[in-house]
1. List the number of the failed condition for residue B:127; all other conditions in (1) open to solvent by 20 Å² or more (accessible area, probe 1.4 Å); (2) among the hydrophobic types (A, V, I, L, M, F, W, C); (3) in contact (Cβ under 8 Å) with a residue 24 or more places away in the chain hold.
2. List every residue pair whose Cβ atoms lie under 7 Å apart, where the two residues are 6 or more positions apart in sequence or sit on different chains, the first residue falls within segment A:164-185 and is not assigned by TED's automatic domain parsing to the domain that holds residue A:34, and the second residue, located anywhere, is of a type in the set (D, E, K, R) and in a loop (DSSP other than H, G, I, E, B).
3. Out of (1) open to solvent by 20 Å² or more (accessible area, probe 1.4 Å); (2) farther than 18 Å from residue B:156 by Cα; (3) at pLDDT 85 or above, what's the single condition that is false for residue B:36?
4. If I go through segment A:21-45 residue by residue, how many of them are buried (at least 17 other Cβ atoms within 10 Å of the Cβ) and either facing chain B (nearest Cβ under 8 Å) or more than 26 Å from residue A:7 (Cβ to Cβ) (or both)?
5. Kindly indicate which of A:188, A:202 is among the aliphatic types (A, V, I, L, M), in contact with a Ser or Thr (Cβ under 9 Å, 6 or more places away or on another chain) and without any contact (Cβ under 8 Å) to a residue 12 or more places away in the chain.
6. When only residues in segment B:215-236 that are open to solvent by 10 Å² or more (accessible area, probe 1.4 Å) and more than 7 Å from chain A (Cβ to nearest Cβ) count, which is modelled with the highest pLDDT?
Amino acid sequence: MDKLLKTIVLCALGIFLYTRVANNTILFYIHERFTLLTLLGAMGVLLVGLSYYRQPPHEHTHNYDAHNHQHAPLRWWGLLILSLPTLLGLLVPPQPLGAVALLNRELNLGGWQESNLPQVPPLSREEGNPWGQSAQASLDWFTIAREFNRPQALNGREAQLTGFVYRDDRFAPDSFLVGRFLVSCCVADAAALGVVVQWPEAAELALDQWVSVYGRLQSGEFAGQPVPILVAERVQLIAPPAQPYFYR
Amino acid sequence: MKNPAALFLLALIFVTALIWAMTNLTPADVSSRFQTFATIFLGIFIEAMPFLVAGSLVSGIIAEFVDQGALVHFVPDNPLAAALIGALLGFAFPVCECGVVPVTRRLYGKGVPLAMGISFLLAAPVINPIVLASTFTAFGWGDVLFWRFGGTLAIAFLVGLLFTLFRPERVLRPMPLPAPTLLLPTVAVLEKCIPEVAESEMSRDEEEMTAREGNGRWWRALAAAGDDFLDMGRYLVIGSMLAAAMQTIVPQATLVVLGEGALLSVIVLMALAFVLSICSTVDAFVALSFVHSFSIGAIVSFLVFGPMVDIKSALMFLGVFRRRAVALLIMLPLIFSLLLGLLVNLYG
């Protein structure tokens, strides 16, 4: 029975991870470059799970130490704890980090450094361009990020940003934050990027709604810090992208 | 009720109901927080899991194929040399802080001296080619790289040496003892369940047996790896949950606001390293984002202390060491990393 339960728990974990990789929601949790590693890990637990039924039943006269082969009976709560990732993964619908995670994080309005940013901005390639050709020349997240601490330099420039809506009590009714997370390994290290947007109908936007914002940048101030503010001309509601984070 | 399988199933149903209720029956702000917690928890767990699998596989292979006598013969008697070799062993077993624990435990099972295991445990997550490369990529050739590697080596060596003051049986948790009587019924049951095995036991010809034995040893190594994964994995799960809960409940700003000053900044980043539990292979990239708001000493301490001790690895230590030893294994690196950070800030 012990053996059967161990096998079930290990194989369930492997299959769960495999399905997450197969339907690409694995990207909600980790950097894309670790996907293969997760797949290997899933195969690993499947293999060790099945091995309980393949190992030869008893010791022969070899010189290895017998006690290392004793499979101490696993306590039931140990198995329960190891079932938790699978249970949580199956019962809680997969969703990328959003506004709630921002509540607890340092809003990275000023601390962007060039060294932190990805070399190749994946934005336009991955997400298409809802505004067509006219906005091709507009600024994206990374160009803004490089000049973030010198908002004057961005004055009057066109920009188009895609992200989720965030708001807290520091925001006026006609403004919100368009946010994105930058992930270097897994969501535990996600750093929040955000640009303050001015839009008369800001109050109607729900938290976590994904939007594509087009407008012009203007140097302004937020929470006592000089920041570029995006004065929106158009705000379009969009579906969350398959790849919700930026990776560095 | 004494039947563990029944207890397991009951508890499973209860936990399933609890998670379902947290997701579907609570007010929106609670359920969205719970969802964020689940995402961060799965992020840390999924990220770390392959490394734990790899560590368990190495451990299983050591268990099955490394001859205890040969290993003990190879290990130096001198504790200084043992601790030094332990600290450098990461180049032979490139594991991060999740994989290092089962390997260390297995090495102890094979008779490796206490000092060597401790130094290996503390140093290997940093002193290996992968972390060397990632730190170099993030910080280039310079102070941070130098202090991270020098500091880790020195601290792992020192702590390993300090542990020679204790008797191993006061430090290590006892390994499962041999129980040969238990083996016999298992064989009988297996023979009934799996005809293939029973059959193989009957028709044994000398050559055929050696061949099957070769395969069998691999399967046994895998099963040992599975047990290791189950043993250590539960600490990884609890640690990831604590780290995720901290991230969902405690605002990062409360920590970061404290980040000025030679001493305070070091303490703050060390606390952050402990809480965040980021894998040592990538923590350099995370540390990069602190460069402009924290002192160099604080960043060095973050990169030295985090891989040695964080929530999840500290919990995993409990599977190898006795509680008091775990407390020491947390306190000594903490004190030494703090001193290192201060040293870098004041004289670096």
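1. So residue B:127 meets the others, but not (1).
2. Partner pairs satisfying both residue conditions: A:164/A:208; A:165/A:208; A:176/A:167; A:177/A:167; A:182/A:248; A:184/A:248.
3. Here residue B:36 meets the rest and fails (1).
4. Of the residues in that region, 12 qualify.
5. Working: A:202 fails: without any contact (Cβ under 8 Å) to a residue 12 or more places away in the chain.
Just one listed residue meets the conditions, A:188.
6. Our first condition is that a residue be open to solvent by 10 Å² or more (accessible area, probe 1.4 Å); within segment B:215-236, this holds for B:215, B:217-219, B:222, B:227, B:231, B:234-235.
Going one step further and asking which of them are more than 7 Å from chain A (Cβ to nearest Cβ), we end up with B:215, B:217-218, B:231, B:235.
Working: B:215: 79, B:217: 86, B:218: 89, B:231: 81, B:235: 82.
The residue in question is B:218.
Matching residues to (1) among the aliphatic types (A, V, I, L, M); (2) buried (at least 23 other Cβ atoms within 10 Å of the Cβ):
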{"site": "B:59", "(1), (2)": "no, yes"}
{"site": "B:67", "(1), (2)": "no, no"}
{"site": "B:76", "(1), (2)": "no, no"}
{"site": "B:82", "(1), (2)": "yes, yes"}
{"site": "B:96", "(1), (2)": "no, yes"}
{"site": "B:101", "(1), (2)": "yes, yes"}
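Yes/no per residue for (1) farther than 16 Å from residue B:96 by Cβ; (2) touching a Cys at 6+ places or on another chain (Cβ under 6 Å):
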site: B:265; (1), (2): yes, no
site: B:275; (1), (2): yes, no
site: B:280; (1), (2): no, yes
site: B:283; (1), (2): no, no
site: B:286; (1), (2): no, no
site: B:291; (1), (2): yes, no
site: B:298; (1), (2): yes, no
site: B:303; (1), (2): no, no
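The values are calculated or read from the model by the stated rules, or taken from the named source; none is laboratory data. In this text the structure is predicted, and so the values were computed from the model without any measurement. Note that we place each Cβ from the backbone using ideal geometry, even for glycine, and neighbour counts take in every protein chain shown. Each accessible area value is taken on the protein alone, full model and side chains, heavy atoms only, with ligands, DNA and RNA left out. Shrake-Rupley method; radii C 1.70, N 1.55, O 1.52, S 1.80 Å.
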